[in-house]
Structures are given as structure tokens and as C-alpha cells.
Amino acid sequence: MTDALFITDVGPRDGLQSQSTMVSTEGKRALIEALFDAGLRRIEATSFASPKAVPQMADADALIRGLVVPDDARVSVLVPNQRGLERAVEAGAREIAVVLAATETMNRKNIRMGLDQALQTCRDTLTDAARAGLRTRAYVAVAFACPFEGVTAEARVTELALEMRNAGASEIVIADTIGSAAPTDVARVLDALLAHLPPDAVGVHFHDTRGMALANAWCAITHGVRRFDASIGGLGGCPFAPGAAGNLATEDLALMAQQCKLETGIDLQALCAAIDIASELVGYSVGGRSERWLVRQQQRDGA
Ligand code: COA
Ligand code: ZN
């Protein structure tokens with residue numbers, strides 16, 4: 001059996017949420033369609049956050065309603081609370097993600113709740129989502145370090161991940177929200193977590209702030225993790241976490257996977273078209289470390 005990575009492109013949500021240029025609903029739809037065309041089968045499309053908190057995602061309802069999703073593809077949406085879940089269900093979403101930050105301060109900055117209340121909100125949202133027949137992911141954010149509270153203890157991450165698992169989340173996503181981790185940190189957190197959870201229940205979400213996202217991804221692969229978030233062109237950043245840069249670029253992860261004989265289903269040349277669309281939408285040139293090389297390959301092959 002071939003070994004495979006399951007990549008969720010979070011660019012339309014994590015990548016676009018903090019852009020200062022407002023991106024049209026049609027533009028977002030075009031980007032998502034280009035990602036489907038490039039072979040991505042998991043996309044985090046938007047968030048049903050308060051439009052006051054995240055203006056760029058104010059069109060979540062319209063975007064999800066008008067989206068044509070291939071039969072074998074999955075689209076998830078982030079919901080910060082039960083109001084967000086209600087909106088997501090109403091719009092026809094089939095999969096949601098909740099976010100629990102591992103620290104008190106980060107929860108307050110992100111969703112204006114302390115850790116205990118955030119935990120309860122996530123539990124309730126997961127329960128309601130399961131009742132509505134939705135698939136669920138749960139992020140544990142700032143899982144390596146918090147911009148306000150410093151290094152996050154791996155015992156805390158494991159504890160919160162298990163809370164989310166017990167509340168019914170089918171996938172727990174360990175997120176380096178500010179891109180502070182080195183591979184040794186990833187090993188520390190995953191060693192603790194994987195003593196309690198099977199690797200196929202775990203995903204990882206890296207930002208490339210310090211240029212270590214791909215090294216961190218490789219570390220996770222060697223730990224048996226196969227579920228990865230990445231973002232087209234490396235778009236990304238959290239508006240509530242100072243210093244957070246873009247996500248691990250989808251093209252960098254997909255290229256590494258290809259060279260390491262891990263299936264992704266992604267067509268790298270078609271991915272370049274999605275990068276172009278992302279650049280057009282945000283008004284500047286985006287792209288991961290490998291993007292120029294991929295474009296040169298494309299030119300050489302006369303594609
Ligand atoms: N969607 C739309 N509106 C929402 C909402 C949602 N999910 N949740 C709350 N609201 C509305 C309320 O109805 C209320 O509206 P009103 O002013 O017209 O009465 C208003 O927002 C304030 O509600 P409240 O519960 O007091 O929320 P808040 O102001 O404390 O904000 C959140 C809390 C969670 C809604 C907000 O901080 C948020 O959306 N955060 C998202 C953060 C995020 O997406 N971060 C990036 C990803 S990690
Ligand atoms: Zn992120």
C-alpha cells in the first residue's frame with residue numbers, strides 16, 4: 001500500500017482572514033475551485049466568526065451556499081461558538097473546526113473568553129455539531145508557544161487534546177499559531193500526545209515564521225502523522241496573535257511529499273495556477289520556498 005499525506009489547504013480561511021484588501025466572494029470561490037482542480041480534497045474554506053471580529057470572513061454564508069464541492073472532497077469551516085455553528089449548518093456546511101487556545105490570554109484575545117469558558121464552548125459546539133451530523137476537527141492553538149504566555153507545556157496540550165477528543169472531535173489539530181516551534185519541540189509535543197492518541201486522529205498546523213515549518217512537518221511525518229494543514233502560496237497569519245506569519249506553503253509540503261514518495265493527489269503544476277490566483281486576490285506575489293523552482297519547471301516543460 002502506498003503511504004499518503006492528507007493535506008487540508010487552509011489558505012482560504014487562515015490565509016485570507018488577516019488580509020487588509022477585502023477579497024470578493026467570487027475571488028474566494030475561484031481560489032477554492034483552483035485548489036480542487038489541483039487535486040486538493042480537503043479545504044478549510046472560511047470561518048463563521050463575528051463579522052466585527054474578522055471582517056474578511058463576513059461572507060461565509062454566501063461563500064458556502066454557492067460552493068460546488070466534488071463528491072470525493074471535504075470542505076470544513078471554522079466556528080468560534082455555537083452561533084457560528086448555527087450559521088454554518090444553515091449554509092449547508094458538512095464539517096466544522098473549533099479552536100481552543102492552550103493559554104488563558106490567547107483565548108481572551110481570540111474569542112474573548114478565558115480558557116475554562118473556551119473549553120466549555122468548544123465541548124458544547126462539538127456536541128451540537130455531532131448531533132447535526134457534521135464531521136469535526138478541533139484545533140489546539142498556540143500548542144508550542146503563546147505570544148503572551150511563552151512556552152506551552154506539552155502536558156497542557158495533551159490534556160486539552162484529550163478533552164476535545166472526548167467531546168467527539170474526529171481530528172485534533174496541533175497548531176503552531178505563531179510559527180515558533182523547532183523540530184525538537186514538535187517531537188516533544190507529539191511524543192507526549194501520541195502516547196494517548198493514534199496518529200490518524202492527529203493533524204498538525206505549522207506557520208513558517210522562522211523558516212522551520214517544513215522541517216517541523218518532516219518531524220511530524222517521522223512520528224507517523226499524516227494529516228497536515230498547509231496554505232496555498234504560504235498565505236496566512238492570525239489577526240489576534242502578534243508576529244504570526246504565513247502558513248507552511250502547500251506547494252512546499254506537496255513537493256517534499258512527492259520527492260519522498262508520499263502520495264498527496266496534488267498536481268504541482270496545477271497548484272501554480274492556484275498560487276497565481278491567490279496572488280491576484282491579495283494584490284501581491286505569494287509563494288513558498290519552492291514556488292520559483294516549480295514555475296521554472298513549468299516553463300521548461302512548456303506547460
Ligand atoms: N457569527 C456572527 N455573529 C456573532 C457570532 C458568530 N459566530 N458570535 C457572536 N456574534 C455576534 C452576537 O450576535 C453579537 O451581535 P450584536 O452585537 O448584534 O448583538 C455580537 O457578535 C457580540 O456577541 P458576543 O457573544 O458578545 O461576542 P464577542 O464580541 O465577545 O466576540 C466572538 C466573541 C467569538 C464571536 C468573536 O471574538 C469572534 O468571532 N472571534 C473569532 C476569532 C477568529 O476567528 N480567530 C481566528 C481563527 S483562530
Ligand atoms: Zn494558523
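FYI, it's all coordinate maths here, none of it is from the lab. What you are looking at is a predicted structure, and each value in this text was computed from that prediction instead of being measured. When we count neighbours, we look across all protein chains shown, and the Cβ atoms used for this are built from the backbone with ideal geometry, even at glycine.
Of Asn110, Asn216, Asn166, which is the most mobile in a GNM of the chain whose springs link Cα atoms less than 10 angstrom apart? The residue that fluctuates most here is Asn166.
If the cut-off is a Cα-Cα distance under 23 Å, which lysines reach Lys28, setting aside same-chain residues fewer than 8 apart in sequence? In chain and number order, the partners are Lys52. Helices meeting the span-like rule in the chain (full DSSP H runs, Cα extent of at least 30 Å along the helix axis, mean Kyte-Doolittle score of -1.0 or higher) are absent.
Computed over the alpha-carbon atoms, region 232-290 gives an Rg to Rh ratio of 1.03, Rh here being the Kirkwood radius from the mean inverse distance.
Calculate the FRET efficiency for Glu26 and Ala182 from the Cβ-Cβ distance with a Förster distance of 30 Å, rounded to the nearest 0.05. Could the numbers behind the result be given before it?
Numbers: r = 40 Å, r/R0 = 1.34.
The calculated FRET efficiency here is 0.15.
For a straight C-alpha distance cut-off of 13 angstrom, the aspartates and glutamates reachable from Lys261 (same-chain residues fewer than eight places away being disregarded) are Asp3.
The trypsin sites (Lys or Arg not before Pro) of region 237-302 that meet both conditions, a loop assignment by DSSP and at most 11 other Cβ atoms within 10 Å of the site Cβ, are Lys261. Considering only C-alpha atoms, what is the centroid distance from region 148-165 to region 190-256, in Å? Cα centres, region 148-165 to region 190-256: 16 Å.
Compute the Rg/Rh shape ratio of the chain: radius of gyration over Kirkwood radius, all on alpha-carbon atoms. Can you show the working numbers first?
Details: Rg = 17.6 Å, Rh = 18.9 Å.
The Rg/Rh ratio comes out at 0.94.
Run the dipole for the chain about the Cα centre, Lys and Arg Cβ at +1, Asp and Glu Cβ at -1, nothing else charged, and hand back the magnitude in debye, nearest 20.
Taking the Cα centre of the chain as origin, the dipole is about 320 debye.
Taking the Cβ of Ser285 as the center, what net charge do the other residues with Cβ under 11 Å away carry, scoring Lys and Arg +1 and Asp and Glu -1?
Numbers: positive: Arg292; negative: Asp276, Glu280, Glu291.
For residues surrounding Ser285, the net value is -2.
One chain, two ends: Asp276 and Arg65. Fully extended at 0.36 nm per residue, the span grows by 73.5 nm beyond their Cα-Cα distance.
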